[in-house]
Structure formats: C-alpha cells, structure tokens
1. Can you compute log10 of I(q)/I(0) for the stretch 107-210 with the Debye formula, treating each Cα as one identical point scatterer, at q = 0.14, 0.21, 0.24 Å⁻¹?
2. Would you please report the Å³ per residue occupied by the convex hull of the alpha carbon atoms in the stretch 8-82?
3. Which trypsin sites (Lys or Arg not before Pro) in the stretch 1-59 sit in a loop by DSSP (not H, G, I, E or B) and have at most 16 other Cβ atoms within 10 Å of their own Cβ?
4. With label points built 7 Å along Cα→Cβ from the Cα atoms of LEU277 and TYR14, find their separation and express it in nm.
5. Divide the volume of the convex hull of the Cα atoms of the stretch 40-189 by its number of residues and quote the answer in cubic angstrom per residue.
6. Taking the Cβ of GLN273 as the center, what net charge do the other residues with Cβ under 10 Å away carry, scoring Lys and Arg +1 and Asp and Glu -1?
7. Give the Rg/Rh ratio for the stretch 76-118, taking Rg as the radius of gyration of the Cα atoms and Rh as the Kirkwood radius, to two decimals.
8. Could you provide, to the nearest whole Å², the per residue accessible area of the stretch 181-284 with probe 1.4 Å?
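The values are calculated or read from the model by the stated rules, or taken from the named source; none is laboratory data. Just so you know, these numbers come straight off a predicted model, no measurement behind them. No Cβ is skipped: glycine too gets one built from the backbone with ideal geometry, and neighbour counts run over all protein chains shown. Surface accessibility is based on the protein's heavy atoms, side chains included, excluding ligands, DNA and RNA. Shrake-Rupley method; radii C 1.70, N 1.55, O 1.52, S 1.80 Å.
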Amino acid sequence: MGLVRTLIDCDKEYAESALPQKLRELYDGDLHFRSSPAARPFVIANFVSTLDGVVSYEIDGKSGGSTISGSDPADRFIMGLLRASADAVIVGAGTLRDVSAKSLWTPEYAYPDAKHLYEEYRVNAQHKPEYPLLVIVSGTGRLELERAIFRTAAMRTVVITTSAGRDELARRGAATLDSVEVHALNSSSGSIAPREILELLQSQFGVKTLLHEGGPTLFGQFLAAEAVDELFLTLSPQIAGRGVDATRPAVVQGVQFVPDSAPWFQMVSVKQQAAYLYLRYRRT
Ligand SMILES: NC(=O)c1ccc[n+]([C@@H]2O[C@H](COP(=O)([O-])OP(=O)(O)OC[C@H]3O[C@@H](n4cnc5c(N)ncnc54)[C@H](OP(=O)(O)O)[C@@H]3O)[C@@H](O)[C@H]2O)c1
C-alpha cells in the first residue's frame, strides 16, 4: 500500500529499477537520478511550502518545515527517501539554528518507520555508507557545537565556512570533535560561492548526488549559480499569508531573477495523498 499515489510520471525511460520493491510500493513508483551534466555533483533540492508559497512562519518554535507540512507522514517519507539516495545533504546555518538540537539529517530521523528499508536501499543496493555526509554552510561560524549533529560518532559532518568562521569555530572547540571537519573557502563579504562548495564536495568527499535542504537563502544562491538540477516540492494545503512588512520566506530568499534569466523547470512527477501534492521538477 503506497504512502502516496502517482498522478503523473514522466520519468519512465529506465529499464532497471533503482528502489527496492517495498520502497517502490510506498513511493508508488521508482526513483532514478541522472549524473550531473556539468563537472559538479547532481543537485536535488527538497522543500515544503504552503499554497501561497511560504516555507517558514518565522515564529519562534514554529518556523520549521514541519509546521508548514503539518508533519505530514508522506512528506517525511519522501524527505527520508531523498536523504537515503544522496551522498551528502547540505543546509545553511539559518535552517540549522531553527531545528531542535537533537535533529539529525539521516533518513530515519525524517521517517523512522522506513529505517530498515532505507538502510537496505542505501547500503545494499547503492553501496553507500550508512549515512549521508552532512554539510553545513556558515559564513560567521557561529554554530552551537552541542548539537547532536556534531556529537554523533556515526555521522560525518563538514562545516564549510570563511576564514573568520573557521577562527570562530576553533574558538568554540570544533577541533575536539572527532566526526567534524571544518573547511574554510574564499568568500566575498562572508558569502561563499556555490561553485566552490560543489567543487570541494566533489573533489575531496567524492559527492556525486547532493541533496539541498535549504534554507531559502542558501538555495537562492545555488539557483542563481545554475547549480540546481531538480526540485522536490511538497505543496501543503494551508495558507500562511504575509504582513505588509513581514518577511516570511518563500523557497528563494535574497535573490531575485528577471524574466529573461528566471529559471524554468519541466515536470518529472506529481504524487498525491489527501490534499497534499508532491511535485518533482527538473531544470530545463
Ligand atoms: N519549508 C521548508 O522546506 C524549509 C526548508 C529549509 C528551511 N526552512 C526554513 O527557512 C528558515 C531559514 O531561512 P534562511 O534563508 O535563513 O536559511 P539558510 O539559507 O539555511 O541560512 C542562512 C545562513 O546560512 C549561511 N549561508 C547561506 N549562504 C551562505 C554562503 N553562500 N556563504 C556562507 N554562509 C552562507 C549564513 O550563515 P551565518 O549567519 O552563520 O553566516 C546565513 O545567515 C528557517 O525558518 C527554516 O526552518 C524551511
């Protein structure tokens, strides 16, 4: 019995299945990823948004994606499935600061019921390590190192930061954390170019498929750098609204395109459960 129902699937050209049978049943279909056409990892992104495009209420304790999705199980399942498919998961420091200190970016943290199915798919079928590499991007290096992601031996975490950020993390004791690596890259006004991040992840960590989990600021920069290949977007059936001067972000924050350069996407699949839609798009 599927957790979602497939309404449209334009990605049927593959002869062999990628997902083990039980995951294919839950997802109501298969899930293939291409290799990147460019000399960088293939980048897939995952967001959940309200019908009016809001991805965060920006209210203390209620700004995470689960408030937007209403903790929808199918959204959580797809999040876990994408994590299980990726070599690495990347998030910006703003997204990290808004989640519980216990949060882990593992497949089963998103959807515990499929823990063993994810493991079978990840380790036996794809021959990947138990967990994806977690990549945190921070210009300032102002991260709370007590968080579980920095203290879980089975998980490898890389912080990509600036030279000032590296100094700040050293001051906070990052060098004492066995599973954490800090890499300082060139930056312009504290902002590191997505291409440099991707180059590092490919050359030093062998990342071929990267899952981008936001937030909107980091994602906007990747989109502007033409470094996003696919977007998985859950459309949650609620409307958040925006005040005149409120800053409830959409999928992209801090970057605006003009019509001639705005990225367009083609549809790959549409799935549904109750009033939720699970959309998958590929960059044209
Ligand atoms: N609904 C969803 O699917 C979803 C998904 C993700 C996030 N969110 C929500 O979005 C909100 C966070 O939004 P956000 O835009 O602030 O998140 P963000 O992009 O995760 O974080 C922004 C921060 O990341 C660092 N950063 C981003 N780009 C950088 C670059 N190029 N170089 C160096 N550092 C960089 C900076 O950290 P420093 O300040 O340390 O320099 C920056 O302040 C949260 O409420 C979160 O829950 C929702």
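1. -0.62, -1.12, -1.27
2. With only Cα atoms used, the stretch 8-82 gives 148 Å³ per residue.
3. The qualifying sites are LYS12, ARG34.
4. The modelled label-to-label distance comes out at 2.4 nm.
5. 136
6. With Lys, Arg at +1 and Asp, Glu at -1, the net is -1.
7. 0.98
8. 49
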